[in-house]
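Notes for the one structure printed next.
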Amino acid sequence: MDAGGTDRSEDDRGEGGGIRTALTGLTTRGRSFLAAGIAAAVCAYVLGQSDLLRVGLLLSVLPLVCATVLYRTRYRVAGSRRLSPGRVPAGSEARVHLRVDNVSRLPTGLLMLQDRVPYVLGPRPRFVLDRVEPGGRREVSYRVRSDLRGRYPLGPLQLRLTDPFGLCELTRSFSTYDTLTVIPRVEALPPVRLSGEARGYGEGRQRSLALAGDDDVIPRGYRYGDDLRRVHWRSTARYGELMVRREEQPQRARCTVLLDTRGLAYEGAGPDSAFEWAVSGAASVLVHMLERGFSVRLLTDTGNSVPGEGADGFAGASQGTADAAGLMMDTLAVIDHSDGTGLSRAYDVLRGGNEGLLVAFFGDLDEEQATVAAKMRQRSGGAVAFVLDGGAWERESPAVPGPADGGGERLRMLREAGWTAVGVPRGAPLEEVWRLADRERSGLTAASGGEGTG
């Protein structure tokens, strides 16, 4: 970035505009000198005192000369900003590193460096930089912190130039800025047996029979690098080209995390609200399932998912796990209440079929929406619901979860439909609620004589 270039494009608007810009940069001291000089010159003229006139002219001309010289100065200064890290959980600190390089052949004067930051990240940082030699650099840093999720712009960086007498100050801005992403808090979850689907084989579960009388093999065309031992000679003879046997790949267990974002389902706002707890819970489950190797999908009540994910979601336990987690965290960082009133759109998406584990975070559910949520269980291998009563959440209530917490008609409907439904009281630790869901599911599995898989 070139402060001089940016300054020229903004301030060089003709001689009249340059004079006005220079005069607006006069400090209180500079204006006082100018006013005192004019007053002394008028008095000298009235009283006929030539010595006083010289003093008045000196006092008047000095701030004007300083303003003109400062305005005409073109420091070639390059500035850069680095965030560490660029994605930070809510409530944690990030450090911003600023670097200023003098790329001209002239030394700079005294510089004041300041960066523009949103008020939620803290006060605006300011630094005073001494004379920077030609080719020299200065590095400073400051910390930012936010308890609120979101994407916050940092910048543009500003340099405030001043003359040696402190009579004039001019501000020149760089043009670039960076973005700090504050993601939801992610809690480490213990491994529990919540999965509703055993690991199987992908192509083997969906493949059809091969040619009649053959070995139930689905051949495909030969690709460069295929092992010649996999060549299927009967199919090669039939099709007239080299064919190989498909390799059956283990099917990756799938998990869909459903986040209810309906504005009418939650009350209150702020870092300790029920909605923020649900967002943090969804983020924690997504990361936990990715680390366990699940293909993970994030779904909201509007039927929307994370842009860029596949039909089965993002694959875990792979080289792209960190990128997938980053994309979902970026989505959750800016997610907000929706204007929707129901869960029918999410149900339509789930009805298309996934047959994996479904983990849902619901706000208030009336009888109609509880019925829709109950039907979501039909297309999942296992279903766990965390239900937050917005009204009870705003009232003081025990922070210890239990099977009867939030035990209303909606929880009963979900449990009768096969959900593992847990009511979440105000301030309940996610880890405890997660373990409680495991215990309740284990009890349901034991009662039905089945076995869950983890």
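What the table below lists for this structure:
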| quantity | calculated |
| --- | --- |
| Förster radius 60 Å - calculated FRET efficiency between Val334 and Tyr45 (Cβ-Cβ, nearest 0.05) | 0.35 |
| Coarse-grained scattering of segment 18-74 at q = 0.27, 0.29 Å⁻¹, given as base-10 log I(q)/I(0) from a Debye sum over alpha-carbon atoms | -0.95, -1.02 |
| Cα point-scatterer Debye curve for segment 77-183, base-10 log of I(q)/I(0) at q = 0.10, 0.14, 0.17 Å⁻¹ | -0.31, -0.57, -0.78 |
| Estimated FRET transfer efficiency (Ser84, Leu228; beta-carbon r; R0 35 Å; 0.05) | 0.10 |
| Segment 18-74, accessible area per residue, ligands and nucleic acids excluded (1.4 Å, Å²) | 63 Å² |
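The values are calculated or read from the model by the stated rules, or taken from the named source; none is laboratory data. Computed from a predicted model, the values in this text were never measured in an experiment. All Cβ positions, even for glycine, are placed from backbone atoms using ideal geometry, and neighbour counts span all protein chains on display. Only protein heavy atoms, including side chains, enter the accessible area calculation; ligands, DNA and RNA are left aside. Shrake-Rupley method; radii C 1.70, N 1.55, O 1.52, S 1.80 Å.
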